[in-house]
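Chemist: Please see the structure below; I have some questions.
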2 protein chains.
Amino acid sequence: MVQKNKNPPPLAKPAAPVAPKRRGRPRAYQPEIALGNALDLFRKRGFAATSLDELSAATGMNRPSLYGAFGDKRELYIKAYQRYRADARAAMLGIFSDELPIRKRLERIFAVALDIYLSGDAGPRGCFTVMTAASEAVADPDIRAMVLEGFSELDKAFAACFRLAKEKGELPASADPVVLAQLASATIHTIAIRARARVPRKELEAIIKGAIDVMCGARSSA
Amino acid sequence: MVQKNKNPPPLAKPAAPVAPKRRGRPRAYQPEIALGNALDLFRKRGFAATSLDELSAATGMNRPSLYGAFGDKRELYIKAYQRYRADARAAMLGIFSDELPIRKRLERIFAVALDIYLSGDAGPRGCFTVMTAASEAVADPDIRAMVLEGFSELDKAFAACFRLAKEKGELPASADPVVLAQLASATIHTIAIRARARVPRKELEAIIKGAIDVMCGARSSA
DNA sequence: GGAATTTTTTGCGAAATGGTACAAAAGAAC
DNA sequence: GTTCTTTTGTACCATTTCGCAAAAAATTCC
């Protein structure tokens, strides 16, 4: 046992995805879950009205831990917003890539959006991007960049849908995918805002149906 | 001079519109102007992020005077919002009642809205209703009622425009004024949000033009 | 078992916040 | 001129806010 040699793993994969075996005291929280709870709070209250004490209570982490894990309040807000966007993107991805008739596709997209905006035990939470744009994006360049990217992302995804539908002959040749996409985004925005003011789901669904009729032509009133 | 009788004004108009000659120390501020300044601040920062100190500085009134004149912070916010709505209504009234072709009418309505949303020396201020809806309406019933009334007011005004245009034969018989009105409101909302995120005026104008084309039919591409 | 390392916990502190009490000021009524 | 009324200005209070320092705890490496 003299030359025990520490058995050096000759070519072990350097990035083991599980159990990195950190060195110090183990964390008492799960970063993913804590960030999700912080996101919930920010969505409910907005940036300025959310205090670190509330965030601490919601995440189960005390303030110094919050700082260590996510930085100050603004950084935490930005990370929460990134998480929100990633979640929303994930929820939409399948629908945008599925090869459905345009009408069905739009219906599903708007339905998912409605679910996101109307969720929340203490009242509908609306759309983080819209709230953020309304309050923080004017003054904060970093947040503004993310918000603008969010608009662009949504516009482009809708435009791709309409372009494909046009190629498949579902839309008349006169249809302009970019203009239709902006109308679809506008519909997203109007239901996000109205949801936040507790407009009932039925009315929002009626707005969606009307918008789809206009965008796709009102032939099949399903 | 014994029976001087205090000369009772026999039938003097009880509501003299000028110079009521108040009794105590005269006010050092003009309520209208002070409320306007408070409105500007609230539009810039939102409710929670606006402090009474800032409001005091912006209005030129010290805090006790603010409190005496408008009540606490929330009441001041509500009064500022009422003022905003009154101003916006006044700016729109003429256009909504003018008998213009529908296309021209929409162009002017959206142009006025753009001016409101893009104004502000420290960045575009957006639409107070949208900001208010996004942040306060969920939790505050009074504010929510005002916001809902704002939505309804706009929807109805647009619907009246489209209904009239349809009667005048400017729109096809298949056009649904209510649906078109919701799309017009959605366009208002999307440009309000995007303006707040500093989307350039040109892009907003393009969105408006596209929306009008869809709503009125793209024949005359003026 | 002891040293090193990372996290948690407790508690502090300086600043800002919303709101108010109270005396001084400025004008009207008499 | 005196009194009454209303507003202003100064100062204050209790609470909340964000942020951090320093000690205690939990784990790995040796």
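The values are calculated or read from the model by the stated rules, or taken from the named source; none is laboratory data. Values in this document were obtained by computation on a predicted structure and should not be read as measured data. Positions of Cβ are generated from backbone atoms using ideal geometry, with glycine treated the same way; all protein chains shown enter the neighbour counts. These area figures cover heavy atoms from the full protein model, side chains too; ligands, DNA and RNA do not enter into them. Shrake-Rupley method; radii C 1.70, N 1.55, O 1.52, S 1.80 Å.
Chemist: Go through the stretch B:61-114 and report how many residues are away from chain A (no Cβ under 14 Å), within 16 Å of DNA strand C (Cβ to nearest atom) and either out of contact with any helix residue (DSSP H, G or I) (no Cβ under 7 Å at 6 or more places or on another chain) or part of a helix (DSSP H, G or I) (or both).
Modeler: Count: 15.
Chemist: Could I ask something else about it? Which residues, counting only those in the stretch B:70-104, are open to solvent by 40 Å² or more (accessible area, probe 1.4 Å), farther than 23 Å from B:I207 by Cβ and among the charged types (D, E, K, R)?
Modeler: If the condition is that a residue be open to solvent by 40 Å² or more (accessible area, probe 1.4 Å), farther than 23 Å from B:I207 by Cβ and among the charged types (D, E, K, R), then B:D72, B:K73, B:R74, B:E75, B:K79, B:R83, B:D87, B:R89, B:D98, B:E99 are the ones that fit.
Listed here are the residues, each with its yes/no results for (1) within 14 Å of DNA strand D (Cβ to nearest atom); (2) under 12 Å from A:Y77 (Cα atoms); (3) not in a helix (DSSP H, G or I).
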position	(1), (2), (3)
A:A34	no, no, no
A:A38	yes, yes, no
A:A48	yes, yes, yes
A:L55	yes, yes, no
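Chemist: Moving on. Filter the stretch B:105-126 down to the residues that are modelled with pLDDT of 95 or more, closer than 23 Å to A:T129 by Cβ and open to solvent by less than 30 Å² (accessible area, probe 1.4 Å) and list them by number.
Modeler: Passing the criteria: B:F110, B:A113, B:L114, B:Y117.
Chemist: Sticking with this structure for a sec: For the stretch A:208-216, does any single residue satisfy the condition of being modelled with pLDDT under 95 and either surrounded by fewer than 23 Cβ atoms within 10 Å (Cβ to Cβ) or of a type outside the set (V, I, T) (or both)? Break it down stepwise before answering.
Modeler: First, the residues of the stretch A:208-216 that are modelled with pLDDT under 95: A:216.
From what's left, either surrounded by fewer than 23 Cβ atoms within 10 Å (Cβ to Cβ) or of a type outside the set (V, I, T) (or both): A:216.
Taking every residue of the stretch A:208-216 in turn, at least one turns out to be modelled with pLDDT under 95 and either surrounded by fewer than 23 Cβ atoms within 10 Å (Cβ to Cβ) or of a type outside the set (V, I, T) (or both).
Chemist: Let me ask you something else. Specify which of the listed residues (A:A184, A:A195, A:A157) is crowded, with 18+ Cβ neighbours inside 10 Å and in contact with a Gly (Cβ under 6 Å, 6 or more places away or on another chain). Break it down into steps so the answer makes sense when it comes.
Modeler: Numbers: A:A184 fails: in contact with a Gly (Cβ under 6 Å, 6 or more places away or on another chain); A:A157 fails: in contact with a Gly (Cβ under 6 Å, 6 or more places away or on another chain).
A:A195 is the lone residue from the list that is crowded, with 18+ Cβ neighbours inside 10 Å and in contact with a Gly (Cβ under 6 Å, 6 or more places away or on another chain).
One line per residue, one yes/no per condition, for (1) of a type in the set (F, W, Y); (2) under 16 Å from A:R83 (Cα atoms); (3) assigned to a helix (DSSP H, G or I); (4) within 14 Å of chain B (Cβ to nearest Cβ):
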position	(1), (2), (3), (4)
A:I116	no, yes, yes, no
A:A137	no, no, no, yes
A:D142	no, yes, yes, yes
A:A145	no, yes, yes, yes
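Chemist: If you check every pair at least six apart or on different chains, which have Cβ atoms under 9 Å apart with a residue in the stretch A:100-115 that is closer than 16 Å to A:P177 by Cβ first and a residue that is charged (D, E, K, R) and not in a helix (DSSP H, G or I) second?
Modeler: Hits for this filter: A:P101/A:K168; A:P101/A:E170; A:I102/A:K168; A:I102/A:E170; A:R103/A:E170; A:R105/A:D98; A:R105/A:E99.
Chemist: Cβ-Cβ below 6 Å, separation at least six or inter-chain, first residue in the stretch A:20-34 and within 14 Å of chain B (Cβ to nearest Cβ) and open to solvent by less than 100 Å² (accessible area, probe 1.4 Å), second more than 6 Å from DNA strand C (Cβ to nearest atom) and modelled with pLDDT of 85 or more: which pairs?
Modeler: Short answer, once both residue conditions are applied: none.
Chemist: Condition test on B:G126, is it under 21 Å from A:A184 (Cα atoms), in contact (Cβ under 8 Å) with a residue 12 or more places away in the chain and within 11 Å of another protein chain (Cβ to nearest Cβ)? Before the answer, list the steps.
Modeler: Numbers: under 21 Å from A:A184 (Cα atoms): yes; in contact (Cβ under 8 Å) with a residue 12 or more places away in the chain: yes; within 11 Å of another protein chain (Cβ to nearest Cβ): yes.
Spelling it out, B:G126 is indeed under 21 Å from A:A184 (Cα atoms), in contact (Cβ under 8 Å) with a residue 12 or more places away in the chain and within 11 Å of another protein chain (Cβ to nearest Cβ).
Chemist: While we're on this one: So is A:A133 open to solvent by 10 Å² or more (accessible area, probe 1.4 Å) and out of contact with any Asp or Glu (no Cβ under 6 Å at 6 or more places or on another chain) or not? Give the steps one after another, and end with the answer.
Modeler: Working: open to solvent by 10 Å² or more (accessible area, probe 1.4 Å): no; out of contact with any Asp or Glu (no Cβ under 6 Å at 6 or more places or on another chain): yes.
Spelling it out, it is not the case that A:A133 is open to solvent by 10 Å² or more (accessible area, probe 1.4 Å) and out of contact with any Asp or Glu (no Cβ under 6 Å at 6 or more places or on another chain).
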